[in-house]
1. Give me the compactness ratio for the range A:1-44, meaning the Cα radius of gyration over 2.2 N^0.38 Å.
2. Using a label point 7 angstrom from Cα along Cα-to-C-beta, what distances in nm, from shortest up, separate residue A:28 from the other copies?
3. Share of Cα-Cα pairs in the protein assembly as shown beyond 21 Å, in percent?
4. Taking the Cα atoms of the range B:3-76, report the difference between the largest and smallest coordinate on each principal axis, in whole Å and largest first.
5. Quick one: among A:72, A:85, A:44, which has the greatest mean-square fluctuation in a GNM of chain A with alpha-carbon springs under 10 angstrom?
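FYI, it's all coordinate maths here, none of it is from the lab. Remember, it's a predicted structure, so these values are computed and weren't measured experimentally. Methodologically, a virtual Cβ is constructed for each residue, glycine included, from the backbone with ideal geometry; neighbour enumeration extends over all protein chains shown.
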DNA sequence: TTACATTAGACAGATATTGACAAGTCAAAA
DNA sequence: TTTTGACTTGTCAATATCTGTCTAATGTAA
């Protein structure tokens with residue numbers, strides 16, 4: 001599930017209003033609405049605030065948020081899976097190099 | 001291999017000078033140098049021009065270029081692999097949804 | 001209707017990206 | 001050693017993108 005849908009689901013489960021959560025995040029209700037609907041991308045800071053406001057794991061939310069950004073970036077490419085595979089390969093290489101230090 | 005290193009290798013194999021390739025791309029030599037060294041990210045247009053100038057597959061270069069952007073985005077995260085896995089999962093979901101249309 | 005939650009659009013200000021220029025390093029040739 | 005040519009680096013103005021808010025609109029239940 002996309003990041004926006006996920007946090008909306010969390011918010012609704014907790015029976016919180018947009019304005020309540022947005023207020024805790026110190027942003028406008030409209031902005032949170034857009035983030036939940038996926039028409040605006042949250043900033044890292046805002047994801048952290050969200051985790052706090054929704055009492056959820058910050059790491060988990062950040063993970064979903066980053067994955068979401070990647071998806072938005074390549075979802076329209078015909079070879080998106082190959083791109084991810086290549087990225088994974090590169091990450092592995094980097095990790096190995098780091099360990100050698 | 002990162003995108004920049006890769007295109008530098010290609011250029012050197014073909015014995016082309018920065019200024020020759022840059023000229024074909026209608027950009028400054030300095031900019032191409034930075035792209036090859038990874039201190040600047042090429043624009044999509046420039047990757048296309050590069051493919052032309054180096055006589056390489058545009059799709060392949062674009063793939064590497066996108067993978068590179070993803071790597072730059074998450075390489076410093078401790079859970080980068082998990083992030084990629086999640087992204088892959090989402091992409092699969094999207095693909096399935098599309099097929100249902 | 002009224003009240004309240006949510007959403008859409010438009011805007012100005014903040015931030016980031018872009019490409020070029022000039023000055024720099026470096027190595028090989030003269 | 002000077003010169004030459006390839007490449008690199010730092011800086012900067014112009015441009016493009018992003019940010020958050022405001023206002024107005026939509027939807028919905030009482």
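1. Expressed relative to 2.2 N^0.38 Å, the Cα Rg reads 1.03.
2. Distances to the matching label points in the other copies: 3.7 nm.
3. 60
4. 34, 24, 21
5. Sorting by GNM fluctuation, first place goes to A:85.
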